[in-house]
Amino acid sequence: MSGPEGPKRGDQGPLAIAATDRETLLAHAYAIEQEAAERYEALAEQMYDCGNEEVAGLFAKLAEIEAKHAAELSLEHGAANKPMALADFMWEGLQSPEVIPFEEMHYLMQPHQALTLALAAERRALLFYEAVAGQAANEDMRTLAAEFAAEEAEHVRLVLEWQQRYPEPEPDWDDDMDPPMSL
Amino acid sequence: MTAETARRLTARDYKSALKPVWCPGCGDFSILSAITMAMAEIARPPEEVAVISGIGCSSRVPAYTNCYGFHGVHGRALPLATGLKLSRPDLLVIAAGGDGDGYSIGGNHFLHACRRNVDLTYIVMDNQVYGMTKGQPSPTTPPEWDSAMVPGGTGLRPFHPLVIALAAGANFVARAFSGDPSGTAQILVDAIRHPGFSLIEILSPCVTFRPEEREWAKQVHPAAVEETGDRAQAARRVLTDDGFNTGILYCGDRAPYQPAFAASGMEPAGGGAAGNADFDMEFRP
């Protein structure tokens, strides 16, 4: 994730989460997937509005995958059960690890670039769970975090494969014959 | 709505079906997320919240929420919000807009909203440019910003909204960054809960007319010191910082302004609506 740490909000990051309990870890895991799903959905809408339908379709697909993952977490682990206040979330960076920052978007973005952002998001989630697993307060949490890390590792592999189906953008990918700044 | 139901509200409950038309990459998307996250945290149902704006890219925000909204005249978000809050103190009233709307066209209203200290939360999405009208410099644009519209820059000293707000009497002053929606949401929650007039200045990059503002993500940092209740100390700090300190910078204890007729629930003279005479009495004692 780009940018420095966010404002002080108490203990933060995977190491702080590793010192909590199973319910808190599950609440964070659910928020990671749910926020990723909502963000992909919003990014898909942005790209549709700009006429960039190919990238919009990719983001819409990613939104479906993340929403399905959130639903599985809720169903299998009851991950949505613990009510959490905003201040209770202990994200290390400025946002939960698996969301693509809105500020990374460009209306002429190409599929390879979109999947590069998605790949970075999946890798942040993988690192997050690996760090929790490495410092977990007990064996139950370690097992759970390791299970989530394995799932994210699989996502990283799949997105990487997906990305390689698309060519890298040409150097002039962002040339616009009718740019907004035309004064 | 019961308390149990209210606890289950999520950010999505505060989003309308309308999709924002902002440019991809615009910081206002994140701020909209932060606003809806804050609403869910406050847990007031959408029908008890009003979002009031003026004109500009960021002033579209009422339409994107599920709350009551008023997309008003350029620079007039604050008088509209003030009138609403005085007549309906039971509502949670949020005013929102951009730096041009709030600090230039609405500059005088900004001063007096700080001075009156009505219990409002004012969100300014500051991108240091007039984006909707294709990139003219705003009151907060740096003097050296060079563009086709102002070759060589304006050479004008930028407006410093936080110091002005402190001097004019705002009761809560904070700076946030759009790229930190969780942190921004928490500041909004604190601002809404704090009585009186709260200003939250949110740095929000305009990636179309100020693409260099993407670099803000690398420049913002949490304020190194805790918030203060000392207005002079807060003013000194914001005058001497680098403009990228985020967090709550001032938290005062002025009692909010609220006319007796509204606070008591009694009807003003002349019927159910506040008459001119009542407002004259309250504003010109």
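Read-outs throughout are calculated quantities, based only on the coordinates presented, and are distinct from any laboratory measurement. The shown structure was predicted, so the numbers you read here are calculated from the model rather than taken from an experiment. All Cβ positions, even for glycine, are placed from backbone atoms using ideal geometry, and neighbour counts span all protein chains on display.
Non-local lysine pairs in the protein assembly as shown, meaning eight or more places apart or on different chains, with alpha-carbon distances under 25 Å, amount to 10.
Based on alpha carbons, the Rg and Dmax found for the range A:18-74 are 13.9, 46 Å.
Based on Cα contacts under 8 Å between residues 6+ apart, chain B shows a relative contact order of 17 percent.
The orientation-averaged shadow of the Cα convex hull for chain B, equal to a quarter of the hull surface, comes to 15.4 nm².
For the range B:160-194 versus the range A:18-67, the inter-centroid distance based on Cα atoms is 28 Å. Scaled against 2.2 N^0.38 Å for its residue count N, the alpha carbon radius of gyration of the protein assembly as shown is 1.01.
Could you work out the Kirkwood radius for the range B:1-131, taking every pair of different alpha carbons, averaging 1/r and inverting it, reported in Å? After inverting the pairwise mean of 1/r, the radius is 14.8 Å.
Rounded to the nearest 500, the 222 nm mean residue ellipticity of chain B from helices alone is -9000 deg cm²/dmol, with -39,500 (n - 2.57) taken per DSSP H run of at least 4 residues. For the range B:102-159, the gyration tensor built on C-alpha atoms gives a prolate shape. Its axis ratio a/c (a ≥ b ≥ c) is at least 1.5, and a/b is the larger of a/b and b/c. Computed from Cα atoms, the angle from the helix A:22-49 axis to the main principal axis of chain A rounds to 10 degrees. Shape summary: the range B:119-202 maps onto an equivalent ellipsoid whose semi-axes, from the alpha-carbon gyration tensor, are 28, 15, 9 Å in decreasing order.
Where the alpha-carbon atoms of chain A are placed on the principal axes, they occupy 58, 34, 26 Å, in descending order. Between 0 and 90 degrees, the angle of helix A:53-77 with respect to the longest Cα principal axis of chain A falls at about 10 degrees.
Relative to the Cα centre, the charge distribution of the protein assembly as shown, modelled as +1 at Lys and Arg Cβ and -1 at Asp and Glu Cβ, gives a dipole magnitude of about 1820 debye. Look at the Cα gyration tensor of the range A:95-165: its axes a ≥ b ≥ c give a/c of at least 1.5 with a/b at or below b/c, and that counts as oblate.
Counting neighbouring beta carbons within 10 Å and listing from fewest to most, the residues B:Glu215, B:Glu41 come out as B:Glu215, B:Glu41. For the range A:46-96, taking Cα atoms only, Rg and Dmax work out to 15.3, 40 Å respectively. Show log10 I(q)/I(0) for the range A:28-135 at q = 0.13, 0.16, 0.18, 0.20 Å⁻¹, two decimals, from a solvent-free Debye sum over equal Cα scatterers. Log10 I(q)/I(0), no solvent term: -0.50, -0.73, -0.89, -1.05. First check a/c for the range B:56-113, with a ≥ b ≥ c the square roots of the eigenvalues of its C-alpha gyration tensor; if it is under 1.5, answer rounded, and if not, answer prolate when a/b is larger than b/c or oblate otherwise. Oblate is the answer for the range B:56-113, as a/c is 1.5 or above yet b/c matches or exceeds a/b.
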